[in-house]
Amino acid sequence: MKIICIGRNYADHARELDNPLPEQPVFFLKPDTALVLNNKPFFYPAFSEEIDHEVEIVLKINRLGRHIDQKFAHRYFSEIGLGIDFTARDLQGKCKKKGLPWEIAKAFDNSAPLGKFVPVKSIPDPGNISMRLDINGSTVQKGNSSEMIFSFDRIISYISKFITLKIGDLIFTGTPAGVGPVRVGDRLQAFLNEEMLLDFYVR
Ligand code: MG
């Protein structure tokens with residue numbers, strides 16, 4: 001199982017970090033050791049002083065595929081959920097400055113809390129899914145899949161040109177604007193179309 005994450009897929013978020021808008025999807029990987037399941041707490045790592053939350057819609061791949069045509073891509077996922085792409089922004093800043101890969105900032109243990117999934121069939125329009133992240137009861141991030149630069153289908157088609165997708169793989173589809181730091185004691189609650197799918201504490 002692998003986790004593939006799309007970067008800079010919401011224009012407002014790319015701008016808030018002073019990144020140019022991508023012409024092709026940008027992606028990176030996290031290992032399976034990044035996952036935190038069942039609303040278990042996220043333990044703040046000692047190597048960073050700036051862990052940012054990035055709430056993202058997550059697709060769960062349900063069949064093997066490579067070189068997937070965009071018009072068939074919707075057949076490759078039947079469940080949608082929410083996850084957090086935790087980012088050590090201080091380390092990422094250093095990597096970016098030196099042109100180095102991002103793994104230490106993005107792929108560390110527990111960097112991907114993952115919530116419940118819902119069937120795609122239960123969602124009226126996958127092109128119009130709202131997501132929201134609340135911290136300690138206040139909304140900090142809000143977005144809608146209609147604002148994505150690259151659609152779910154485009155992302156699946158693009159990734160599968162380079163990497164074979166397998167059953168159970170997860171695709172984090174990018175975060176909307178409003179990313180910011182978390183602190184020990186924070187409670188994070190993420191909602192998909194007003195349904196809470198993820199609820200955990202930072203410890
Ligand atoms: Mg992200």
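A simple count of charges around Y76, restricted to other residues whose Cβ falls under 14 Å of its Cβ and scoring Lys, Arg +1 and Asp, Glu -1, yields +4. The ellipsoid that matches the Cα gyration tensor of the chain has semi-axes, each √(5λ) in whole angstrom, of 24, 20, 16, with the longest given first. Residues whose amide H comes within less than 5 Å of that of F42, counting only those at least five positions distant or on another chain, are Y201, V202, R203 (H built at 1.01 Å from N in the peptide plane). Charged side chains reduced to their Cβ positions (Lys and Arg at +1, Asp and Glu at -1) give the range 3-201 a dipole of some 580 debye around its Cα centre. Stokes-Einstein, applied to the Kirkwood radius of the range 115-159 over Cα pairs at a viscosity of 0.890 mPa s and 25 °C, places its translational diffusion at 199 µm² s⁻¹.
Dipole orientation for the chain: of the candidates G83, P119, L165, L165 has the Cα lying most toward the positive pole (charges on Cβ; Lys, Arg +1; Asp, Glu -1).
Split the accessible area of the chain by element, probe 1.4 Å, and carbon with sulfur accounts for 51%.
Provide, for the range 1-71, the number of lysine pairs with alpha carbons under 19 Å apart, each pair being eight or more places apart or on different chains. Count of close lysine pairs: 5. Set the Cα radius of gyration of the range 93-197 against 2.2 N^0.38 Å, with N its number of residues, and you get 1.22.
With a cut-off of 14 Å between beta carbons, the residues surrounding L197 carry a summed charge of -3, where Lys and Arg count +1 and Asp and Glu -1.
Straight-line reach from K97: taking Cα to Cα under 14 Å and skipping same-chain neighbours fewer than 8 places apart, the aspartates and glutamates in range are D18. Length gained on full extension, E16 to L37, computed as 0.36 nm times the residue gap minus the Cα-Cα distance: 4.6 nm.
Phi-derived couplings, Karplus 6.51 cos²θ - 1.76 cosθ + 1.60 at θ = phi - 60°, listed residue by residue for the range 83-94: x, 10, 9, 5, 10, 7, 4, 5, 5, 5, x, 5 Hz, with x used for Gly and Pro.
Coordinate range of the alpha-carbon atoms in the range 20-68 per principal axis, descending: 40, 33, 17 Å.
The values are calculated or read from the model by the stated rules, or taken from the named source; none is laboratory data. Since the model is a prediction, treat every value here as computed from it, not as a measurement. All Cβ positions, even for glycine, are placed from backbone atoms using ideal geometry, and neighbour counts span all protein chains on display. Only protein heavy atoms, including side chains, enter the accessible area calculation; ligands, DNA and RNA are left aside. Shrake-Rupley method; radii C 1.70, N 1.55, O 1.52, S 1.80 Å.
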